[in-house]
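Participant: Have a look at this one.
A short reminder: the numbers here are calculations on the coordinates, not readings from a lab. Quantities reported herein were computed from a predicted structural model and do not represent experimental measurements. With ideal geometry, Cβ positions are generated from the backbone for all residues, glycine too; neighbour counts draw on all protein chains shown.
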Amino acid sequence: MSSAATPNRPLRARRRATRGPLTPSGLPRWLLLPAGLGALLVLLPVAAMFLQVSWSDLPSLLTSESAVDALLLSLRTAASATALCLLLGVPLAAVLAQARFRGVGLLRGLVLLPLVLPPVVGGIALLTVFGRQGLLGGALEVLGMQIAYSTVAVVLAQTFVSLPFLVVTVETALRDLDRQMIEAAVMDGAGRTMVLRAVALPLILPSLVSGVILAFARSLGEFGATIAFAGSLQGVTRTLPLEIYLQRETDPQAAVALSLLLVLAALLVIGLAGSRRGRP
């Protein structure tokens, strides 16, 4: 081995180290195979739908009465569920971010439970509370209110599965706030409500918007909890995912067309959420 080659080894090692462990040139090449398979697993089914759909029949498939009813109902209920998530989720996230009492970890776990529960289990749980024979069903019926198998049930089902997305996003943002800015506002005489409204919320606005977008997207795609708690009545509880499920048996082309509509909506939502996260 030549003496001139020896000093080059540390230099090459330093060059490899400066590339960084997360840059493409610094990754082991064998990762490309499982990464490519993972990408294909997600992209190939979506691409297959684009190839299978009958583009000439697409306008008639998307403008049928049942499809339009389902789409409009989904948009209305998803917007209502998102508003409810915002109304309840921001205070809940603020409490979880600041709470130091014993058992806060358990409370956080219970709040995030819908993230891991099968949605149909959430629908059955809601039914045991608001159904006619449920925990509150009798009292609600006395007041002339029937929630189960109504449009309100759709909104509650969507809120149940969507709320954790907003809570996680907002709580994480609140935990990452600059403590010095909060302390400076307190020293200037700002009360707790003023600190939250005038300091904390403006600082976490990008994360808050991302959480709202994610909650809306999850509400728009909700299926399991809705069908278990609200049923499937056209114009009342049959949202777009339920319409797709029914069309799958009777008109597969219509099911594919409506599925593409949800895919495009999801891509739009992902783009909006990604653009918000990319902003300073």
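Participant: I'd like the GluC sites (Glu not before Pro) in segment 183-255 restricted to DSSP loop residues with at most 11 other Cβ atoms within 10 Å, sorted by number.
Facilitator: none
Participant: Any chance you could run the full-extension gain for Leu110 through Thr193? It's 0.36 nm times the residue separation minus the Cα-Cα distance, nm to one decimal.
Facilitator: Gain on extension, Leu110 to Thr193, equals 27.2 nm.
Participant: Go through segment 41-46 residue by residue and turn each phi into a ³J(HN,Hα) via Karplus (6.51, -1.76, 1.60, θ = phi - 60°); whole Hz please, and just put x for glycine and proline.
Facilitator: Couplings: 4, 8, 7, 4, x, 5 Hz.
Participant: Another question about this same structure. Picking from Arg175, Arg102, Arg76, which is most flexible by a Gaussian network model of the chain using Cα springs under 10 Å?
Facilitator: Arg102
Participant: Using a Förster distance of 30 Å, how high is the FRET efficiency between Tyr245 and Leu205, based on the Cβ-Cβ distance and rounded to 0.05?
Facilitator: 0.25
Participant: Using a 10 angstrom cutoff on alpha carbons, build the Gaussian network for the chain and name the most mobile of Leu41, Leu86, Leu214.
Facilitator: Greatest mean-square fluctuation among the candidates belongs to Leu41.
Participant: With an 8 Å cut-off on Cα pairs and a minimum separation of 6 or more residues, tell me the relative contact order of the chain in percent.
Facilitator: Computed value for the chain: 27 percent relative contact order.
Participant: OK, next. Extension gain Arg76-Val129, at 0.36 nm per residue separation less the Cα-Cα distance, in nm? Can you show the working numbers first?
Facilitator: Numbers: separation 53, 0.36 × 53 = 19.08 nm, distance 2.37 nm.
Here the segment from Arg76 to Val129 would lengthen by 16.7 nm.
Participant: Further question: Could you give the length gained by full extension between Glu65 and Met181, i.e. 0.36 nm per residue of separation minus their alpha carbon distance, to one decimal place? Working shown, then result.
Facilitator: Working: separation 116, 0.36 × 116 = 41.76 nm, distance 5.40 nm.
Taking 0.36 nm per residue and subtracting the Cα distance, the gain is 36.4 nm.
Participant: Using a Förster radius of 51 Å, what is the FRET efficiency between Leu40 and Arg100 based on their Cβ-Cβ separation? Nearest 0.05, please.
Facilitator: Numbers: r = 46 Å, r/R0 = 0.91.
Efficiency at R0 = 51 Å is approximately 0.65.
Participant: In a GNM of the chain with a 10 Å cut-off on Cα contacts, which of Thr151, Thr193, Thr128 has the highest mean-square fluctuation?
Facilitator: Thr193
Participant: Taking the Cα-to-Cβ direction at Ser232 and at Val142 and moving 7 Å from each Cα, how far apart do the two end points lie in nm?
Facilitator: 3.6
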